[in-house]
Amino acid sequence: MSGKQYVEKMIACIAKRDPDQKMFRDTVTEVLSSIEPVLDAHPNYETAKILERMVEPERVIMFRVPWQDDKGECHVNRGFRVQMSSVIGPYKGGLRFHPSVTLDILKFLAFEQVYKNALTGLPIGGAKGGSDFDPHGRSDNEVMHFCQSFMTELYRHIGPDVDVPAGDIGVGGREIGYLYGQYKRIRDSYDAGVLTGKRVDFWGSFARTEATGYGLLYFVKNMLDAKGIGLKGKTLVVSGAGNVATYAIEKAQSFGAKVVTCSDSNGYVYDPDGIDLAALKDIKEVRRARIKEYVQTHPHAEYHEGCKGVWTVKCDVALPCATQSEIDLESAKRLVANGVQAVGEGANMPSTLDAIAYFLEHKILFAPAKAANAGGVAVSALEMAQNSERLQWTFEEVDGRLKDIMKRIYTNAKKNAETYGDPDNLVAGANITAFSKVAEAMLAQGLV
Ligand code: NDP
Ligand code: 2IT
């Protein structure tokens, strides 16, 4: 059968088997529909049932997480770890704590992670995990108790050479610290490489905090430079106000761009003078407050309720850095009508499938998530390497390697985009690069 038929068969099969897993189906559709020419060139992939194997996680772990709040009330959340692929290295990927977490969301994120991690060129497989626990409004003590209970189950499924979790939405340095402390206590062993995103004083990597946002800007700069368009003087719209957004804003500003927005799940801030990053960090990282407080100290800025409105702000470059599906077709149309030149995805799958198609149709330079936001997990892999050699590299060394990795990811995606058709379609270019690498490694390892 043709590559197209094989892909259609797989998507129909997923829809039948897990009809409620729409996000997983969408991400599989995005990847598989762009690798049809590779399937046509390799009929042996169908014989070896490569796609059937790739869409099935190697293992899914689901567990109960009981914990007690500060008032003594008991709660029970659901914990997950989806170990999608270990073909290229130990399972690797973040943990997300957010009330919207379901098996569907984590399967989609774990699937993306396999191909993203392959793009980094480093020895890491793919996984994702987390819980429907909502950390908003919880005290440090409550978050610690939750993390300890979560790790009391998760510890038996992870290890420096087995599965190495890290942060994602709702999981940052504080949570990784609590998770690591509990792991170490249970194992009675200093396995620093079991988690990445640790504080630097207990063997985290310099530049891991900044890596995803900085990496996004390095990727976008490579993409724009190739077209002779610089970032200096450009107006950027960024969504989110968490780890990825904050450090994307920081690097964009250092490149001379003006970032006029940031957002959280309640609304967005528009500052025509450019976002004051020190104020944003104080609100989000120090006080863990809502971004609407920004206008109290910056009265010339505007706060608008509702986060979707951020895409109505006129800009040259849009960087979605909050969450999945935040740019739908309507928002994509609005961005294009307002003259956007490029979109760089900091979040995972922030654009819906029809939004991506609209951007590509309208020749908008588009940096797809699994390539553009791979800097975070790449530096996680560098953290694993540092932990293995029991050494710590300088910020400059890690940042320099990150820059090289992002350049290589861009160059490989561009080369495959050119080889397989549309030279500006980095979605296809990235998917083909990653898929080919994973597929060949699977074949070489036998029926796994
Ligand atoms: P954070 O928790 O640090 O920040 C998330 C931000 O997005 C917050 O401002 C949050 O607002 C907002 N947000 C979260 N969920 C929603 C929602 N459902 N609707 C609207 N806004 C929302 O997470 P990160 O910055 O780490 O992650 C952001 C994105 O980047 C995610 O898609 C993540 O998977 C991806 N990513 C993260 C990497 C990392 O290294 N951290 C690496 C690669 C990708 P609020 O506070 O109101 O919830
Ligand atoms: O989506 C992602 O790449 C992450 N959340 C980072 C994963 C990691 O292991 O650093």
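Could you state the accessible area per residue of the chain in Å², with a 1.4 Å probe and every protein chain left in place?
Values: 17700 Å² over 448 residues.
Heavy-atom accessible area per residue stands at 40 Å².
In terms of solvent-accessible area of protein heavy atoms at a 1.4 angstrom probe, what is the ranking of S131, S139, highest value first?
Numbers: S131 0, S139 35 Å².
Result, largest first: S139, S131.
With every protein chain left in place, what is the accessible area of K22 in Å² (1.4 Å probe, nearest 10)?
110 Å²
Taking H placed 1.01 Å from N in the peptide plane, check which residues at least 5 places from I327 or on another chain put their amide H under 5 Å from its amide H.
S351, T352
May I ask you to give the percent of accessible area on region 272-315 that is carbon plus sulfur, with a probe radius of 1.4 Å?
Details: 1330 of 2470 Å².
Ligands and nucleic acids excluded, carbon and sulfur reach 54 percent.
Have a look at V260, T323, L402 and report the one farthest towards the positive end of the charge dipole of the chain, computed about the Cα centre with Cβ charges (Lys/Arg +1, Asp/Glu -1).
The residue sitting farthest along the positive end of the dipole is L402.
What's the Kirkwood radius of region 195-285 in Å, using all Cα pairs?
Details: mean 1/r = 0.0718 Å⁻¹.
This gives a value of 13.9 Å.
Using a ≥ b ≥ c from the Cα gyration tensor of the chain (square roots of the eigenvalues), is it rounded, prolate or oblate, where a/c under 1.5 gives rounded and otherwise the larger of a/b and b/c decides, a/b for prolate?
Values: a/c = 1.44, a/b = 1.03, b/c = 1.40.
The shape class here is rounded.
Suppose a student asked you for the relative contact order of the chain, using Cα pairs under 8 Å spaced at least 6 residues apart; what percent would you report? Write down the numbers at each step before the final one.
Details: 923 pairs, mean separation 67.2, N = 448.
About 15 percent, as a whole number.
So for the chain: antiparallel DSSP bridges make up what percent, rounded to the nearest 5? Could the numbers behind the result be given before it?
On the way: 25 of 43 bridges.
Expressed as a percentage, antiparallel bridges in the chain total about 60.
Quick one: ranking Y190, Y155, Y183, Y420 by accessible area, 1.4 Å probe, largest first, what do you get?
Details: Y190 110, Y155 50, Y183 5, Y420 90 Å².
So the residues, ranked largest to smallest area, are Y190, Y420, Y155, Y183.
Could you go through region 64-69 in sequence order and give the Karplus-derived ³J(HN,Hα) for each residue, using 6.51 cos²θ - 1.76 cosθ + 1.60 with θ = phi - 60°, rounded to whole Hz, and x for Gly and Pro?
8, 10, x, 7, 10, 7
Which order do V194, V76 take by accessible area at a 1.4 Å probe, largest first?
The ranking, largest first, comes out as V76, V194.
Once phi is turned into θ = phi - 60°, what whole-Hz ³J(HN,Hα) does the Karplus curve with 6.51, -1.76 and 1.60 give for every residue of region 314-319, x standing for Gly and Pro?
For region 314-319, the Karplus curve yields 5, 7, 8, 9, 10, 10 Hz.
Hey, what number do you get for the chain at 222 nm if only DSSP H runs of n ≥ 4 count, each worth -39500 (n - 2.57), divided across all residues, to the nearest 500? Let's see the in-between values first.
Values: 18 runs with 209 residues, N = 448.
When only DSSP H runs of four or more count, the value is -14500 deg cm²/dmol.
The values are calculated or read from the model by the stated rules, or taken from the named source; none is laboratory data. Keep in mind it's a predicted model, so treat the numbers as computed, not measured. Because the Cβ atoms are built from the backbone with ideal geometry, glycine has one as well, and the counts that use them run over all protein chains shown. Calculation scope for accessible area: heavy atoms of the full protein, side chains included, ligands and nucleic acids excluded. Shrake-Rupley method; radii C 1.70, N 1.55, O 1.52, S 1.80 Å.
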